[in-house]
2 protein chains.
Amino acid sequence: MVVLGIDPGSLNTGYGVVRSSGGALTSLACGVIRLQPVQSHAERIGRIYRELDKIIEAYRPQRAVLETVFLCRNVQSALKLGQVRGAVIALAMNRGLELHEYAPREVKLAMTGRGSATKEQVSFMVTRMLGFETPPEPYDITDALGIALCDLSRAGNPDSLSRAGNGARSGKGGWSSFVRDSPHMVIR
Amino acid sequence: MVVLGIDPGSLNTGYGVVRSSGGALTSLACGVIRLQPVQSHAERIGRIYRELDKIIEAYRPQRAVLETVFLCRNVQSALKLGQVRGAVIALAMNRGLELHEYAPREVKLAMTGRGSATKEQVSFMVTRMLGFETPPEPYDITDALGIALCDLSRAGNPDSLSRAGNGARSGKGGWSSFVRDSPHMVIR
């Protein structure tokens with residue numbers, strides 16, 4: 001099972017492709033698509049679509065996963081964020097991916113055992129679970145990887161994420177099952 | 001010049017394809033994409049993308065035109081509308097169309113000479129200008145056609161829309177230059 005987690009934003013969109021195989025979790029690719037404020041909003045939306053399309057072409061995830069949005073500063077920022085999300089959703093549908101959404105609280109809970117965890121705590125767990133030497137930065141990336149890992153934990157993969165979570169919370173091992181190859185990380 | 005006007009909504013998305021050639025305006029296609037409330041929001045977004053893609057494939061517009069959004073009931077409705085718009089914008093970018101946006105007031109002004117015109121007045125003018133026997137319904141369609149006509153009036157086509165507008169406002173002819181062939185209208 002290969003899952004693409006996406007953390008869309010109107011300037012930076014984080015993504016992470018995670019494979020779960022036989023209880024081992026591997027980050028196949030992760031990064032952030034940085035958009036230029038000088039570009040028009042439409043150009044940015046086109047770019048996000050194309051960049052994520054390349055990633056789907058390369059890694060063939062079966063599922064795309066987003067966080068649900070509850071809060072926005074105002075109607076205009078909701079509209080902008082909605083437009084970026086719409087491009088991502090259209091892409092997932094065009095590519096025939098299953099699309100899933102989780103509440104931010106659910107992702108944090110799955111990753112750290114606490115629904116009110118900070119981005120730093122999520123980053124810490126993502127880094128350990130996927131065997132990165134140092135935490136991928138910025139948080140857009142670890143957020144996206146966390147969303148993918150949350151989905152894998154919910155999608156009937158008890159050998160992967162849930163065991164990792166338990167191991168981490170109780171301080172007992174369990175990490176040896178995670179593949180520590182060199183993940184491909186790109187800042188686009 | 002062929003222009004695709006789009007009036008996106010989270011349930012009904014109106015569209016209209018208008019050709020301007022030698023001062024004559026023709027509706028090549030118009031209709032409304034009706035989405036099912038039983039479908040997930042993601043499925044609806046995928047459907048809008050696919051349906052509009054077929055229309056672009058068939059009529060090859062050079063430009064896609066939307067209205068800007070100023071008002072939304074609340075953040076959640078802005079997010080939903082934004083997602084539909086994002087799919088439309090991504091499609092226009094993927095197809096290499098120029099994308100333009102006009103304020104609703106600008107469209108009404110271009111169509112009727114009054115920025116605060118009603119949808120009925122816009123519908124009346126669209127119907128006359130494009131030679132429909134009866135007004136296309138619902139208003140999603142005439143709104144979309146009005147957006148396309150507004151763009152044509154702004155895009156250096158003084159022989160088409162601006163002359164029509166003047167003729168209509170002053171009560172002087174000018175209508176004979178509009179092609180009255182049978183426009184293709186579809187409720188999808």
Evaluated over region B:1-68, the Cα radius of gyration and Dmax, each in Å: 12.9, 45
Span from the region A:89-157 Cα centroid across to the region B:66-114 one, whole angstrom: 32 Å
3J(HN,Hα) from dihedral phi, region B:11-24, Karplus parametrisation 6.51/-1.76/1.60, rounded to Hz, x for glycine, proline: 10, 10, 10, x, 9, x, 10, 10, 9, 10, 8, x, x, 9
Amide H within-cut-off set for residue B:28, under 5 Å, with H built and near neighbours excluded: B:17, B:18, B:19
Residue-wise HN-Hα coupling along region A:56-65, computed from phi with Karplus coefficients 6.51, -1.76, 1.60 (Hz; x: Gly, Pro): 5, 4, 6, 10, 6, x, 8, 9, 10, 9
For residue A:103, distant residues with modelled amide H under 5 Å away: A:68
Antiparallel %, DSSP beta bridges [both residues in region A:1-117], to 5: 65 percent
Per-residue average of Cβ from other chains inside 10 Å of A:68-76: 4
Per-pair calculated FRET efficiency, R0 = 30 Å: residue A:70 and residue B:54 via Cβ, rounded to 0.05: 0.30
Hydrodynamic radius of region B:1-137 per Kirkwood, over alpha carbon pairs, in Å: 15.7 Å
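The numbers here are math on the coordinates, done by the rules we state, and not lab data. Note that this is a predicted model, so its numbers are computed, not measured. Ideal geometry is used to build each Cβ from the backbone, glycine not excepted, and the neighbour counts take in all protein chains shown.
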